[in-house]
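Notes for the one structure printed next.
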Amino acid sequence: MNDLLFIRIFFVLVLACSAFFLQPLQLNPPLAAVSGAIVGLAIVLFEIRLKQVSLKRLIGAAVGSVLGILGAFLISLVLEKAVANGTNTLSFLQLTVLLFMAYVGLIVGASKGDMLNLAALGGLFGNEKASKHAFKILDTSVIIDGRIADIAETGFLDGTLVVPQFVLRELQLVADSSDSMKRNRGRRGLDILQRIQKMAQLHVQIVEDDFPHIRDVDMKLIELAKVYDCKIVTNDFNLNKVAQLHGVEVLNINELANALKPIVLPGESMRVFILKEGKEYNQGVAYLDDGTMVVVDNAKKLISKTIDISVTSVLQTTAGKMIFGRFDERTHVVHDKNPTDRHERTERTGHHREHHTAAVPPSA
């Protein structure tokens, strides 16, 4: 580090001394030396910033600049035919076109450089991982939900988490809502984003890509996923289905939560707390600690009691998992003494599950 600092200082001094003796732009020696030092410092700052840019972006920027300069050269040939030679207007137009094309090529090439697949080039780039699916676009709903931060902390997510600018605008609109509940949800989403940005193992990128001709945010997310050839992270059931119809892969947080629930097989015994009456005759409803609904036959009269049941079937629905069981007073035990803490926790989970899960009519 000290050696690098010495080289940088030496480089700036060399430029300052060169400007002092050569006097560019007919400047007096002291002013020329100061100008040379300023140019040297600017170059050093540019070099420091360049070290933070990925190899893919550097290649993209270089290719974009070269293509822009070539395009400017071809346009200049056309301008020579259209504008009289030797005029200041022609020189100005050619310089403007050159700067414009080089600038646009540099910016566009750098922004799209992450999409390059360097592994396909082989050689020095053979060990580079393909960029396909390296990006994961976050939906507004999954940011507000908050569980994405917990999943990210476990290390199950890698690559770059992309947050489109139009999603940020939607979050801001929710956070500025006059409805206190919506306002709290929007602010929670912004807090979750800040929490994710502070995680060292993750890179969060804000992209400016937008599709003005598309008004629906879900369709914008799908189009953006097509552009970057990546996945969408969401817990929105409708977005999940529409994205699949468009051939876009989706990581659904709700599906992950359902997959992590304990497996229950028909014939097993389990202990549940009957919370309320079921929809069908003589049924009771209970909830597990993870919010899974348990529909129990012959349990209508056992509300607010803890009982042992036998599992008869397990139904996996798009809204979650449902367990069906049966209480047999001849073989099963009713526990009058209830573990209060567990019941309160189960009741809270049950109400939360009932609020967020679409109702599925139980069957015997």
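Couple of notes before you dig in:
- You will find that of Val360, Val311, the residue that is modelled with pLDDT of 80 or more and β-branched (Val, Ile, Thr) is Val311 and no other.
- Test: residue in the range 302-315 that is within 30 Å of Asp236 (Cα to Cα) and either in a loop (DSSP other than H, G, I, E, B) or basic (Lys, Arg) (or both): no
- Answer residue from the range 2-47, given it is at negative phi and not in a helix (DSSP H, G or I) and is modelled with the highest pLDDT among those: Asn28
- Answer residue from the range 244-267, given it is more than 22 Å from the chain's Cα centre (by Cα) and surrounded by 10 or more Cβ atoms within 10 Å (Cβ to Cβ) and is nearest to Ala149 (Cα to Cα) among those: Lys261
- Among the helices (runs of 4 or more DSSP H) confined to the range 75-160, the ones with at least 1 residues that are out of contact with any strand residue (DSSP E or B) (no Cβ under 9 Å at 6 or more places or on another chain), modelled with pLDDT of 80 or more and in the same structural domain as Ala200 (by TED's automatic domain parsing) are located at 140-145, 147-153.
- For the range 56-64, the criterion of being modelled with pLDDT under 75 and closer than 30 Å to Ile206 by Cα is met by at least one residue.
- Number of the exception - Thr234 against (1) over 13 Å from the mean Cα position of the chain (by Cα); (2) at pLDDT 85 or above; (3) under 15 Å from Leu251 (Cβ atoms): (1)
- Candidate set from the range 48-72 (those that are free of Cβ contacts under 8 Å to residues at least 12 places away in the same chain and assigned to a helix (DSSP H, G or I)); member that is farthest from Ile9 (Cα to Cα): Leu70
- Evaluation of Gln197 against the conditions (1) out of contact with any strand residue (DSSP E or B) (no Cβ under 6 Å at 6 or more places or on another chain); (2) of a type outside the set (Gly, Ala, Ser); (3) closer than 20 Å to Ile232 by Cβ shows that the sole unmet condition is (1).
- Candidate set: the range 177-197, residues that are without any contact (Cβ under 8 Å) to a residue 12 or more places away in the chain and under 14 Å from the mean Cα position of the chain (by Cα); chosen: the one surrounded by the fewest Cβ atoms within 10 Å (Cβ to Cβ): Gln194
- Every residue from the range 295-318 that is touching a residue at least 60 places away in the same chain (Cβ under 8 Å) and either of a type in the set (D, E, K, R) or surrounded by fewer than 20 Cβ atoms within 10 Å (Cβ to Cβ) (or both): Asp297, Thr318
The values are calculated or read from the model by the stated rules, or taken from the named source; none is laboratory data. If you're wondering where the values come from, they're calculated on a predicted model, not measured in any experiment. Backbone-built Cβ (ideal geometry, glycine too); neighbour counts: all protein chains shown.
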